[in-house]
Amino acid sequence: MLFDRNNLPANLIQQAINMPKIELHVHIEGATQAETFYELAKKNKVDFGVESLEEWKSFFEFKDFGHFLQVYTKSITALKTPEDYTHIITEFYRQQAEQNIIYSEAYISASFIIQKFDTKEILDAIEKGIQQGSEKYKVKINFIPDISRELVDSQMAVAGFAIEGFNRGLFIGLGIGGPEQGFPPELFTEAFKKAKSNGLRLVAHAGETEGAKSIWGAINTLGAERIGHGVRSLEDPKLIQYLVDNKITLEVSPTSNYALGIIKNGDMHPIRQLLDAGVICTINSDDPAMFSTSLVQEYFLLLKQGFDCKELYKMNLQALKVSFACNETKAKITDQLENYEKNRILFEPKDK
Ligand SMILES: [Zn+2]
């Protein structure tokens with residue numbers, strides 16, 4: 001795994017890697033490595049139109065948003081059997097454990113899954129991935145199926161799928177992702193209502209390519225408890241105040257924002273501004289394999305932008321608090337975080 005550690009002191013690099021971390025916004029398909037998709041395509045006889053792994057890897061590399069969508073669409077064609085999900089889920093556990101991410105909430109693109117698989121078969125395969133992964137890698141991951149906005153008509157089936165998985169203890173909530181433009185939150189009220197009445201937690205991507213209006217919609221019409229991205233809330237001071245007053249968390253993914261041009265390269269990321277305003281923010285990698293990042297690299301990025309390890313540690317405690325984990329998990333993970341802090345000096349800016 002590539003960690004961009006240019007110009008960072010060794011003690012900060014080590015601490016960013018070693019610190020037990022919480023991640024609340026990461027997509028299982030977007031976290032799957034190029035090599036894994038390549039192997040699955042070979043196994044399933046899916047033609048990626050490339051001659052070699054090297055050629056596939058150079059295609060897979062992030063170039064721009066349009067290309068990213070092409071990579072995403074092509075990659076997931078390799079997922080042809082329920083067992084492929086068992087495999088990518090187990091791989092995902094390994095990657096999170098390697099980065100000392102001890103608790104995660106991960107999205108799974110359910111609009112595509114329900115088109116391809118029988119519900120019971122795919123839920124069995126997901127369950128197997130969760131069992132194998134958690135047993136082997138000892139980290140906790142909760143999954144959240146999300147509706148792809150461009151597939152509006154899939155929403156009730158996804159809600160049904162999410163509820164079935166929730167009742168089996170595999171999922172904790174429902175989300176929406178995909179293109180914001182042309183697909184406002186208001187289109188998805190029915191699915192969210194159904195999920196809520198069945199006890200699922202609610203979260204929505206909003207305020208990324210669209211502005212504050214999209215976030216208001218996610219809150220007011222969907223009842224989203226957390227917002228994926230939401231960085232454009234800064235365009236509306238009333239919304240910022242509302243997020244602060246109602247403790248609505250933003251799942252911030254810095255590299256993703258730069259990659260998709262939401263924040264200009266060379267500009268400071270507005271996460272500092274959001275935190276200063278009192279908004280709860282968490283740090284995330286979004287689609288790490290496809291954006292050539294990782295959660296550790298997101299920490300490097302923030303350390304370079306003036307954050308210190310103590311602050312990052314506190315953000316982890318906060319992330320756990322706003323997570324959808326049950327009380328028992330929260331207590332266990334809090335212990336792990338506090339034990340780490342007790343036994344170490346967390347580097348402050350003066351140590352840099
Ligand atoms: Zn996302």
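In a simple Cβ point-charge model (Lys, Arg +1; Asp, Glu -1; nothing else charged), region 10-341 has a dipole of about 600 debye relative to its Cα centre. Projected onto its three principal axes, the C-alpha set of region 74-170 covers 38, 29, 23 Å, listed from the longest axis down.
Rounded to 0.05, the FRET efficiency of the E39 and K330 pair, given R0 = 41 Å and the Cβ-Cβ distance, is 0.65.
Taking label points 7 Å from Cα along the Cα-to-Cβ direction, K304 and R94 give a separation of 2.8 nm. In this structure, D47 and N167 have a Cβ-Cβ separation that, at R0 = 45 Å, corresponds to a calculated FRET efficiency of about 0.75. Exceedance of the 26 Å cut-off in Cα-Cα distance is limited, within the set K140/K196; K138/K314; K116/K330; K43/K136; K57/K310; K213/K330, to K116/K330; K57/K310; K213/K330. Based on Cα contacts under 8 Å between residues 6+ apart, the chain shows a relative contact order of 21 percent.
Give the residue from L275, S323, G178 lying farthest towards the positive end of the charge dipole for region 10-341; charges sit on Cβ (+1 for Lys and Arg, -1 for Asp and Glu) and the dipole is referred to the Cα centre. It is S323. Distance between the modelled labels on N6 and K213, one decimal in nanometres: 3.9 nm (7 Å Cα→Cβ projection).
Across all Cα atoms of the chain, the radius of gyration (one decimal) and Dmax (whole number) stand at 19.2, 56 Å.
Every number here is computed from the coordinates shown, using simple stated rules; none is lab data. These numbers come from a predicted model, not from an experiment. Here the Cβ is made from the backbone with ideal geometry for all residues, glycine too, and neighbour counts use every protein chain on show.
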